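The values are calculated or read from the model by the stated rules, or taken from the named source; none is laboratory data. Predicted model only: the values in this text are computed from it and were never measured. Methodologically, a virtual Cβ is constructed for each residue, glycine included, from the backbone with ideal geometry; neighbour enumeration extends over all protein chains shown.
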Amino acid sequence: MKINSIIILILIPFFGMSKTWLVGPTKTYTSPSAVSSLVADGDSILIDAAEYKKDVCLWKAHNLTFIGVGGFAHLNAEGTAYGGKAIWVITGNFNRLQNIEFSNCTVVDRNGAGIRLEGTGLTVSHCYFHNNQDGILAGDNPASDVVIEYTEFSHNGAGDGYSHNLYINHVRSLTFKFNYVHHAYYGHELKSRAYQNIILYNRITNEDGDASYEIDLPNGGPALIMGNIIQQSRYSDNNTFISYGREGLTNPGKHALCFLYNTLVNNEDKGIILNVQTGMDTLICANNLIAGKVTLLNGMPKGFINLNNFIQADLNVFEFRDALNYDYHLSKGSPGKDSAHVFNESFLSYELNPTHEYIHPVDSKFRYSDLHPDLGAHELQQVSLSKEYHKHRMEAFYLSDSKQLILDSKGTDLTNKPINCTVYSLDGKLFYPKRQLGVSNTFDLVELIPGIYAFTLKVNTEQYAGTFVVSR
């Protein structure tokens with residue numbers, strides 16, 4: 001996965017004492033580790049796209065923002081680790097990362113990670129973790145919320161079955177959206193003991209690899225798994241797709257799993273879609289497309305709703321666009337069109353109907369449908385409820401301390417161009433309707449409460465849209 005981007009700083013009135021550190025081969029500070037002991041709470045670290053070999057370090061400060069400028073800042077550990085743990089050990093709280101690549105971390109204990117999270121709260125966006133013994137390894141912290149989006153995890157694992165593409169321990173919540181997770185090395189693609197798990201619009205595919213489970217939630221708790229593309233290899237080390245509560249229903253809260261609008265493909269001779277701990281409270285399995293020889297459920301929930309799932313052993317029946325290349329978009333002849341059950345309920349503050357789709361590689365789009373949506377993770381007939389302004393996607397990153405908004409224009413030159421920008425929350429509330437971003441490149445954003453915000457830009461005749469996260 002590659003991102004060629006131009007980072008544009010939109011300067012606004014400066015508050016507080018935060019500082020921006022410039023890191024790169026041609027800068028005063030030539031590596032991230034050179035500033036790791038110098039940064040203070042609220043600082044931003046802009047790292048030039050380059051390869052930083054054997055550069056491992058500890059980050060203690062809070063509310064830091066790390067951004068790779070001009071593409072990925074590649075931290076190639078080449079078999080090293082800080083403190084025998086990870087490329088970056090993060091003990092600070094509420095830090096944010098974007099456009100950072102972590103690779104080749106190994107340790108004697110076989111759990112060398114790209115990131116070892118020991119602090120509270122972390123937001124990871126547009127990053128790449130590969131060929132580590134763990135991608136991200138997060139420790140126990142019941143006050144911690146972890147958000148991971150638009151990120152690729154590939155070929156992580158030590159081959160022992162105890163290390164994974166990413167492994168989140170007992171944190172308050174994991175929100176995992178728009179990611180591409182594949183080819184875990186004999187481990188799980190995603191393992192999370194978080195008290196609450198929200199897993200939306202990802203591609204979790206083992207492809208021709210030898211991973212174990214695609215998703216493992218070993219201690220239960222409230223979980224929403226919706227709109228994902230999930231595939232199991234013919235060489236998989238275990239034929240379970242989703243494991244829930246199998247190490248004990250010990251998480252707080254209701255042990256409830258909503259499994260909706262997913263597309264699942266099994267390339268093994270047999271498989272179990274949902275392997276759940278008997279006695280879990282509620283399982284809702286609805287509007288899924290399931291291709292291959294599978295057993296839908298192993299285990300007995302107290303309450304089980306099985307609704308509008310289409311299961312067929314013969315993959316040819318589905319008429320996927322290009323199943324050999326893991327493209328499971330529907331075609332005109334595909335079953336499941338216009339046959340989903342529309343829910344009027346919500347769960348974990350999300351409506352139980354998808355609003356987005358995953359786009360490969362590591363992107364998303366809004367999912368529009370009429371009153372009769374399709375089964376699975378993709379909508380064949382897209383219907384816009386209003387004039388479509390989402391022709392191009394653009395990313396942004398909000399710095400809570402300095403009130404800066406950073407646009408990742410992915411190569412689009414915005415210099416000295418008049419830009420109309422609208423910022424709104426996902427419930428449609430306008431915060432900045434049609435504000436002008438002029439030649440001075442200033443856009444006045446006051447403090448925003450934590451949450452996810454959307455924005456639209458009009459640059460001459462072109463339209464752009466995207467989202468950004470405001471962390472607590």
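Taken over the stretch 177-206, the criterion of being closer than 30 Å to GLY279 by Cβ and assigned to a strand (DSSP E or B) is satisfied by LYS177, VAL181, LEU190, LYS191, SER192, GLN196, ASN197, ILE198, ILE199, LEU200, ILE204. The residues listed here are LEU348, LEU330, LEU324; of these, the one that is surrounded by fewer than 18 Cβ atoms within 10 Å (Cβ to Cβ), closer than 24 Å to TYR180 by Cα and either in contact with a Leu (Cβ under 6 Å, 6 or more places away or on another chain) or of a type in the set (Phe, Trp, Tyr) (or both) is LEU348.
Out of GLY209, GLY159, one residue alone is part of a loop (DSSP other than H, G, I, E, B) and at positive phi. It is GLY159.
Please tell me if GLY245 is touching a residue at least 60 places away in the same chain (Cβ under 8 Å) and more than 16 Å from the chain's Cα centre (by Cα). Give the derivation first.
Numbers: touching a residue at least 60 places away in the same chain (Cβ under 8 Å): no; more than 16 Å from the chain's Cα centre (by Cα): yes.
No, not satisfied.
Before we move on, is VAL362 within 30 Å of GLY221 (Cβ to Cβ), touching a residue at least 40 places away in the same chain (Cβ under 8 Å) and of a type in the set (A, V, I, L, M, F, W, C)? So VAL362 fits the description; yes. Note on the stretch 36-91: among residues that are touching a residue at least 40 places away in the same chain (Cβ under 8 Å) and among the polar types (S, T, N, Q), the one that is farthest from SER144 (Cα to Cα) is SER44. Across the stretch 367-389, the number of residues qualifying as within 25 Å of LYS458 (Cβ to Cβ), surrounded by fewer than 16 Cβ atoms within 10 Å (Cβ to Cβ) and either in contact with a strand residue (DSSP E or B) (Cβ under 9 Å, 6 or more places away or on another chain) or at pLDDT 70 or above (or both) comes to 4.
Tell me, which residue of the stretch 106-117 that is in contact with a Ser or Thr (Cβ under 7 Å, 6 or more places away or on another chain) and crowded, with 21+ Cβ neighbours inside 10 Å is nearest to TRP59 (Cα to Cα)?
Taking the stretch 106-117 first, the residues in contact with a Ser or Thr (Cβ under 7 Å, 6 or more places away or on another chain) are 110-112.
Filter once more, keeping what is crowded, with 21+ Cβ neighbours inside 10 Å: 111-112.
Numbers: ASN111: 19, GLY112: 17 Å.
Ranking the candidates gives GLY112 first.
Any idea which residue in the stretch 206-242 is farthest from LEU174 (Cα to Cα), counting only those that are among the β-branched types (Val, Ile, Thr) and more than 14 Å from the chain's Cα centre (by Cα)?
THR240
Of all residues in the stretch 104-126, which are in a loop (DSSP other than H, G, I, E, B) and either among the polar types (S, T, N, Q) or closer than 18 Å to LYS54 by Cα (or both)? Those that are in a loop (DSSP other than H, G, I, E, B) and either among the polar types (S, T, N, Q) or closer than 18 Å to LYS54 by Cα (or both): ASN104, CYS105, THR106, VAL107, VAL108, ARG110, ASN111, GLY112, THR120. Reported count of residues in the stretch 262-283, each being surrounded by 22 or more Cβ atoms within 10 Å (Cβ to Cβ) and farther than 16 Å from GLU214 by Cβ, is 2.
Considering the stretch 162-176 alone, what residues qualify as being assigned to a strand (DSSP E or B), farther than 21 Å from THR250 by Cα and either touching a residue at least 40 places away in the same chain (Cβ under 8 Å) or not aromatic (Phe, Trp, Tyr) (or both)? Residues satisfying the conditions do not exist here. Which of the residues spanning the stretch 46-58 are in contact with a Phe, Trp or Tyr (Cβ under 9 Å, 6 or more places away or on another chain) and within 14 Å of ALA81 (Cβ to Cβ)? Within the stretch 46-58, VAL56, CYS57, LEU58 meet the criteria.
Results for (1) assigned to a helix (DSSP H, G or I); (2) among the small types (Gly, Ala, Ser); (3) farther than 30 Å from ARG203 by Cβ; (4) at pLDDT below 95, shown as yes or no for each residue.
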{"position": "LEU9", "(1), (2), (3), (4)": "no, no, yes, yes"}
{"position": "PRO13", "(1), (2), (3), (4)": "no, no, yes, yes"}
{"position": "GLY16", "(1), (2), (3), (4)": "no, yes, yes, yes"}
{"position": "TRP21", "(1), (2), (3), (4)": "no, no, yes, no"}
{"position": "VAL39", "(1), (2), (3), (4)": "no, no, yes, no"}
{"position": "LEU46", "(1), (2), (3), (4)": "no, no, no, no"}
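Checking each residue in the stretch 147-167 for being surrounded by fewer than 24 Cβ atoms within 10 Å (Cβ to Cβ) and of a type in the set (A, V, I, L, M) picks out VAL147, ALA158.
Residues that are more than 23 Å from ASN197 (Cβ to Cβ) and β-branched (Val, Ile, Thr): does the stretch 341-356 have at least one? Looking through the stretch 341-356, at least one residue is more than 23 Å from ASN197 (Cβ to Cβ) and β-branched (Val, Ile, Thr).
With farther than 18 Å from ILE284 by Cα and touching a strand residue (DSSP E or B) at 6+ places or on another chain (Cβ under 9 Å) as the only criterion, which of ILE198, ILE230, ILE225, ILE204 stands out? Walk me through how you get there before you give the answer.
Details: ILE198 fails: farther than 18 Å from ILE284 by Cα; ILE230 fails: farther than 18 Å from ILE284 by Cα; ILE225 fails: farther than 18 Å from ILE284 by Cα.
Unique residue meeting the criteria: ILE204.
LYS254 meets each of the listed conditions (1) at pLDDT below 95; (2) among the charged types (D, E, K, R); (3) closer than 28 Å to PRO142 by Cα apart from (1). Beta carbons closer than 8 Å, at least 6 apart along the sequence or on distinct chains, pair a first residue in the stretch 200-222 that is in contact (Cβ under 8 Å) with a residue 60 or more places away in the chain with a second that is in a loop (DSSP other than H, G, I, E, B) and of a type in the set (Lys, Arg) for PRO222/LYS254.
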